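Report on the following structure.
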Amino acid sequence: MEYRVLGRTGVKVSQLCFGTMSFGGDADESTSAAMYKRCRDVGINFFDCANVYAGGRSEEILGKLMAGERDTLVITSKVCSAVGQGVNQRGLSRRHIMLEVENSLRRLNTDRLDVLFVHHYDNDTPMEETVRALDALVQQGKILYPGVSNWSAWQMAKALGISACEGLARFECVQPMYNLVKRQAEVEILPFAQSEEVAVTPYSPMGGGLLSGKYASAKRPESGRLVSNTMYMSRYGEENYYQIAGDFTAHAQEKGVHPATLAVAWVMHNPAITAPIIGARNVEQLEGSLAALDVKMTDEWWREISKLSYEPPLATDRSEEK
């Protein structure tokens, strides 16, 4: 296992991060424990969670599993998504952030979060209030570093500007969606992160299972998230994604690598990436992602795989004078 510095924090994290969204949901406690142990056995010290995963159960299970070795781990959680029906039980107001951090700390049975991600952008809350609330939590020692997920590059740039002007703790890590069929992050988010030395821990490297080898234009299984989960059906519903998935699966088979393994290896090889977030419902499924550690990806091979997909348009229209 290689360890990489998380942005400019000096903190070293494993080159793969395990996402615990399945804990308490698709994976019961015993299965969660088996996956956690397997991750620790290969050297993963980086675990991603969120206050809304399995209604808080993911944090509770992770808290039990990490007891006794908390100080050797880098633990994250998130805030913004709705945690109840109340009008103030969501968003990035100081009130909601403060309440939810306390709830996450209690469920995780820890005194601090290494990274707290704001899970989404909140149009109803001034960015200054959010950034100041995060800084207050840093000053209290309840979070060590703020992070951001699902924000655009301009939103992150504005936040970093506020932090710099006001002397506040800045976002040190960004968590975008990134995989072979979802490459929008390449346009501005990844270059921005490299420029500002912000760590990148992308989620969904296998495209919600689309790149696992089960899908193609004429190949759709009867069960799975992409055929039963409305959110994933919408996210990956475009027909050309299935064409890409089929071509990618054929390429992986030609190279003698499982598609799931190659999907993670492709994301991991991008120089802007710190650690992809992998997830699984069981240990067998987890092994496919862990095998990416053994793939000897080259720049040439990375570009070859990239050509199976589309290259997103540039951020500006003046491409003739690059």
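Given the structure, is Thr249 farther than 21 Å from Ser149 by Cα, of a type outside the set (Phe, Trp, Tyr) and over 22 Å from the mean Cα position of the chain (by Cα)?
Values: farther than 21 Å from Ser149 by Cα: yes; of a type outside the set (Phe, Trp, Tyr): yes; over 22 Å from the mean Cα position of the chain (by Cα): yes.
Against the criterion (farther than 21 Å from Ser149 by Cα, of a type outside the set (Phe, Trp, Tyr) and over 22 Å from the mean Cα position of the chain (by Cα)), Thr249 qualifies.
Quick check: is even one residue across the range 57-79 more than 20 Å from Thr9 (Cβ to Cβ) and among the basic types (Lys, Arg)?
yes
Could you name every one of the helices (runs of 4 or more DSSP H) located completely within the range 168-243 that has at least 3 residues being surrounded by fewer than 16 Cβ atoms within 10 Å (Cβ to Cβ) and either modelled with pLDDT of 95 or more or among the aliphatic types (A, V, I, L, M) (or both)?
Working: elements: 189-196, 225-228, 230-235.
Because the criterion is at least 3 residues that are surrounded by fewer than 16 Cβ atoms within 10 Å (Cβ to Cβ) and either modelled with pLDDT of 95 or more or among the aliphatic types (A, V, I, L, M) (or both), the helices (runs of 4 or more DSSP H) in the range 168-243 that meet it are 189-196.
Table: residues versus (1) farther than 23 Å from Met98 by Cα; (2) within 18 Å of the chain's Cα centre (by Cα).
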position	(1), (2)
Phe18	yes, yes
Ser22	yes, yes
Ala27	yes, no
Met35	yes, yes
Gly43	yes, no
Ala50	no, yes
Ala54	no, yes
Ser58	no, yes
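When residues of the range 16-32 are filtered for being aliphatic (A, V, I, L, M) and within 21 Å of Phe117 (Cβ to Cβ), how many remain?
Pass one, the range 16-32, residues aliphatic (A, V, I, L, M): 16, 21, 27.
Now narrow it down to the ones that are within 21 Å of Phe117 (Cβ to Cβ): 16, 21.
Residues that pass the stated criteria total 2.
Any chance the range 203-212 includes a residue that's of a type in the set (Ser, Thr, Tyr), without any contact (Cβ under 8 Å) to a residue 12 or more places away in the chain and at negative phi? If you could, list the steps in order and put the result at the bottom.
First, the residues of the range 203-212 that are of a type in the set (Ser, Thr, Tyr): 203-204, 212.
Subset that is without any contact (Cβ under 8 Å) to a residue 12 or more places away in the chain: none.
Within the range 203-212, not a single residue is of a type in the set (Ser, Thr, Tyr), without any contact (Cβ under 8 Å) to a residue 12 or more places away in the chain and at negative phi.
Quick one: Ile277 ticks every box in (1) aliphatic (A, V, I, L, M); (2) out of contact with any Phe, Trp or Tyr (no Cβ under 6 Å at 6 or more places or on another chain); (3) under 22 Å from Leu6 (Cα atoms); (4) touching a residue at least 60 places away in the same chain (Cβ under 8 Å) except a single one, so which number is it?
Single failed check for Ile277: (2).
Identify all residues within the range 221-272 that are touching a residue at least 60 places away in the same chain (Cβ under 8 Å) and of a type in the set (A, V, I, L, M); write none if there are none. I'd like the intermediate steps shown before the answer.
The initial filter retains those residues of the range 221-272 that are touching a residue at least 60 places away in the same chain (Cβ under 8 Å), namely 240-241, 244-245, 247-248, 263-264, 266-268, 270-272.
Across the range 221-272, the qualifying residues are Ile244, Ala245, Ala263, Val264, Val267, Met268, Ala272.
If you check Ala280, Ala260, Ala250, Ala275, which single one turns out to be part of a helix (DSSP H, G or I), surrounded by 15 or more Cβ atoms within 10 Å (Cβ to Cβ) and at pLDDT 95 or above?
Values: Ala280 fails: part of a helix (DSSP H, G or I); Ala250 fails: surrounded by 15 or more Cβ atoms within 10 Å (Cβ to Cβ); Ala275 fails: part of a helix (DSSP H, G or I).
Residue meeting the stated conditions: Ala260.
If you scan the range 283-322, which residues turn out to be modelled with pLDDT under 95 and small (Gly, Ala, Ser)? Show your work before the answer.
As a first pass, look at the range 283-322 and keep what is modelled with pLDDT under 95: 310-322.
Hits for the range 283-322 are Ala315, Ser319.
Among the residues in the range 44-51, are any among the acidic types (Asp, Glu), under 23 Å from Val11 (Cβ atoms) and surrounded by 18 or more Cβ atoms within 10 Å (Cβ to Cβ)?
Start the filter on the range 44-51 by keeping residues that are among the acidic types (Asp, Glu), which leaves 48.
This time we only want the ones that are under 23 Å from Val11 (Cβ atoms), so: 48.
Okay, now just the ones that are also surrounded by 18 or more Cβ atoms within 10 Å (Cβ to Cβ), so 48.
Looking for residues that are among the acidic types (Asp, Glu), under 23 Å from Val11 (Cβ atoms) and surrounded by 18 or more Cβ atoms within 10 Å (Cβ to Cβ), one finds at least one in the range 44-51, hence yes.
Could you tell me whether Arg107 is at pLDDT 95 or above, touching an Asp or Glu at 6+ places or on another chain (Cβ under 9 Å) and more than 16 Å from Phe18 (Cα to Cα)?
Details: at pLDDT 95 or above: yes; touching an Asp or Glu at 6+ places or on another chain (Cβ under 9 Å): yes; more than 16 Å from Phe18 (Cα to Cα): yes.
Criteria met by Arg107.
Within the range 132-153, count every residue that is within 15 Å of Ile75 (Cβ to Cβ) and assigned to a strand (DSSP E or B). Talk me through it step by step, then tell me what you get.
Taking the range 132-153 first, the residues within 15 Å of Ile75 (Cβ to Cβ) are 137, 141-147.
From what is left, the residues that are assigned to a strand (DSSP E or B) are 143-147.
Looking only at that region, the number is 5.
Could you check, for the range 301-310, whether at least one of its residues is farther than 30 Å from Ala159 by Cα, free of Cβ contacts under 8 Å to residues at least 60 places away in the same chain, surrounded by 14 or more Cβ atoms within 10 Å (Cβ to Cβ) and basic (Lys, Arg)? First the steps, then the outcome.
Here is the first cut: in the range 301-310, the ones farther than 30 Å from Ala159 by Cα are 301-310.
Among the residues that remain, those that are also free of Cβ contacts under 8 Å to residues at least 60 places away in the same chain are: 301-304, 307.
Within this subset, residues satisfying the condition of being surrounded by 14 or more Cβ atoms within 10 Å (Cβ to Cβ) are 301-302.
Narrowing further to those that are basic (Lys, Arg): none.
No, because not a single residue in the range 301-310 is farther than 30 Å from Ala159 by Cα, free of Cβ contacts under 8 Å to residues at least 60 places away in the same chain, surrounded by 14 or more Cβ atoms within 10 Å (Cβ to Cβ) and basic (Lys, Arg).
So which strands (runs of 3 or more DSSP E) stay within the range 1-98 end to end and still have 1 or more residues that are at pLDDT below 95 and not β-branched (Val, Ile, Thr)? If you could, list the steps in order and put the result at the bottom.
Working: elements: 3-5, 12-14, 17-19, 46-48, 74-79.
Strands (runs of 3 or more DSSP E) meeting the threshold: none at all.
Which residue, of Val131, Val83, Val79, Val118, is touching a His at 6+ places or on another chain (Cβ under 9 Å) and closer than 25 Å to Glu188 by Cα?
Values: Val131 fails: touching a His at 6+ places or on another chain (Cβ under 9 Å); Val83 fails: closer than 25 Å to Glu188 by Cα; Val118 fails: touching a His at 6+ places or on another chain (Cβ under 9 Å).
Result of the check over Val131, Val83, Val79, Val118: Val79.
The values are calculated or read from the model by the stated rules, or taken from the named source; none is laboratory data. What you see is a predicted model, and the numbers here were worked out from it, not measured in a lab. Note: ideal-geometry Cβ built from the backbone for every residue, glycine included; neighbour counts use all protein chains shown.
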